[in-house]
Every structure is written in structure tokens, then in C-alpha cells.
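Values in this text are rule-based calculations from the coordinates and carry no lab data. Values in this document were obtained by computation on a predicted structure and should not be read as measured data. Backbone-built Cβ (ideal geometry, glycine too); neighbour counts: all protein chains shown.
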Amino acid sequence: MNELKEQEHIFLQTPLARHHDDLLLTPCCCGNDKHVRKVGCRDCLQAPLLCPQCWLNKHRTMPTHWALVWNAGDRFFEKHDFSRIMKNAVIALGHHGERCPDADRGRNFTLVESNGIHATSISFCRCIGLDGERRAPEFQQLLHTGIFPGSVKEPKTGYTLNLLEYYRQERSQGKGSAYNFVHVLQRMTDPFFAGSDIYANFLAITRFYEKLDIVMRRGFAHGGDDPIPGEVSHPYPNRPPGYLGLQCAACPEKGVNMPLLVNVPRWLR
């Protein structure tokens, strides 16, 4: 602690220096003289200031990073979401961050990440497949992107898979409540948060995600309920269909950790 106190003046000056940048309003690295550096990133490490278009290009696959946009009138860096950097900026799905050529206008979307609640806009892929049908439905496109949809039909809210896993560990190890967790997300977004209330939807999604996690960990995501040879009445040895309880890994079970047919001497039976 004493060595920290000795360098206290540096610890104070360095965070304050982050509120200004020597590259501010200088020509951007893209080579366009009309594009000046005025957008920084709050979540990237050692990220230089960029012009709005370059910032968007760099963050096509990182849309949950907060942008720090220079407010020339009030002379400070203002926190903005991805879709507020430029007009018609959207999070594009289906083309590795590039916008689908057949996409319609972006839809208002609430995207929740561990760094806050983002009031953003999402553009879904509308390409037509070889069978004449449109690509995957919207909720499935979100899942492929790493966003868990808040609903199946016309989803307007989504949670990153990283956030859901973080909350699962927080609840398991830290015993925190969902209410407090959502409140922290709101504070991370804005100390005077006045956005949409996601608490009820967050409860439903985290419960369903927990069930999916249990199903996968128990092995039922790979046809665990399907009958195996010699055990038609018991699809999975000693377990009723849909059973999700824990089993002893050391206990012998036919078809699991021992052969289905075992020649046991009569005197051992």
C-alpha cells in the first residue's frame, strides 16, 4: 500500500489524461482530409482516435463497445452506442459484420452486454437461398451471431452469450440476485438510466438458458432419450426420459461405461 501512495500523483494524472487526446481533430489515417479523428473506444486497449467511418469499420464485429465521440459544443467525450455514431449505422447479421445487400432498414434493438444495455439497431439478413426460401429466421440469426434472443417472434431484445455465462457464474459463485445484476448493468450504461426495463425478460431468459446448459451437460443434447440396443424400456440406463439429475461416473452402467453384453461367471451373479 505504501508503494502505491508514493506514486499517487501519477495514478491521479493518468486517468485524467484519458479525457483528452493529442490526435483529436487531426486527419484520420484513412487518408480522407475531410475525415478527422474524433471517435475513441472505451473498451479497446490502446485504441487510437478515428473518424466515425473508420471506427464503425473497425467495430463491425465488436458492436457492444462504447464509443467516445467528441462533443465540440461542450468540449468533452460523450459516450455513444454503435448505431449513434453515424446516420443509418446498424449491427448487420449474416455477412460477418457486412450489411446484407437485400436487408431492410434496421430495427430498434436492445442489446445487453456485460458493459451495459445498448439501445442500438440491428439489420437482419434477407438473402434468398437456392430453395427459394429466406435464410434462417431472425431469432436463429441472432443465435448464430452469439446473441440470445429475448423472444422468438420479431425479437427486439437480446443478450450476448458471454453475458449469460457471466451471470450464471455470478449467481453460482457470488450468490447475487438478478435484480441487483440488472441494476448494475443499468448503472454501467448510464448513472441516470432511463431506458427500457429488461428485468422480467432477463429472468425468463436466464432460467431457460440454465435449463439448456443442464441439458447439454447431462448429454441429452445428443439423443440421450433415444432407446439403445437391449434397453428398449429404458432409453438411457436407469433414467426416465428427460431425466436431468446427476449420476455417479464410477458406477457401472451397461452401454455407458461398460459393454452391453458382459460374460459374468455364474458364481459372481
Cα-Cα P(r), region 1-126, percent of pairs per 10 Å interval: 12, 36, 30, 15, 5, 2, 0
Using unit Cβ charges (K, R positive; D, E negative) and no other charged atoms, how large, in debye to the nearest 20, is the dipole of the chain about its Cα centre? 380 debye
For region 199-218 and region 4-68, distance of Cα centres in Å: 37 Å
Checked region 72-126 with the C-alpha gyration tensor, a ≥ b ≥ c its square-rooted eigenvalues, rounded below a/c of 1.5, otherwise prolate if a/b is larger than b/c and oblate if not; verdict prolate
Out of region 103-142, which trypsin sites (Lys or Arg not before Pro) are coil in DSSP terms and have no more than 12 other C-beta atoms within 10 Å? R105
Quick calc, region 92-217, dipole around Cα centre from Cβ unit charges on Lys, Arg (+) and Asp, Glu (-), nearest 20 debye, gives 240 debye
With a 10 Å Cβ neighbour count serving as the proxy for reagent exposure, in which order, fewest first, do W70, W55 appear? W70, W55
Under a straight-distance cross-link criterion of Cα-Cα below 17 Å, which aspartates and glutamates are reachable from K87, leaving out those fewer than 8 residues away in the same chain? E78, E98, D104
May I ask which of K79/K156; K5/K175; K175/K211; K58/K79 have a Cα-Cα span longer than 26 Å here? K5/K175
Which of F193, F82 has the fewest Cβ neighbours within 10 Å, and the rest in rising order: F193, F82
What residues of region 21-37 lie in the reach of a label at N88, counting those whose backbone N is under 13 Å from a point 7 Å from the Cα along Cα→Cβ? none
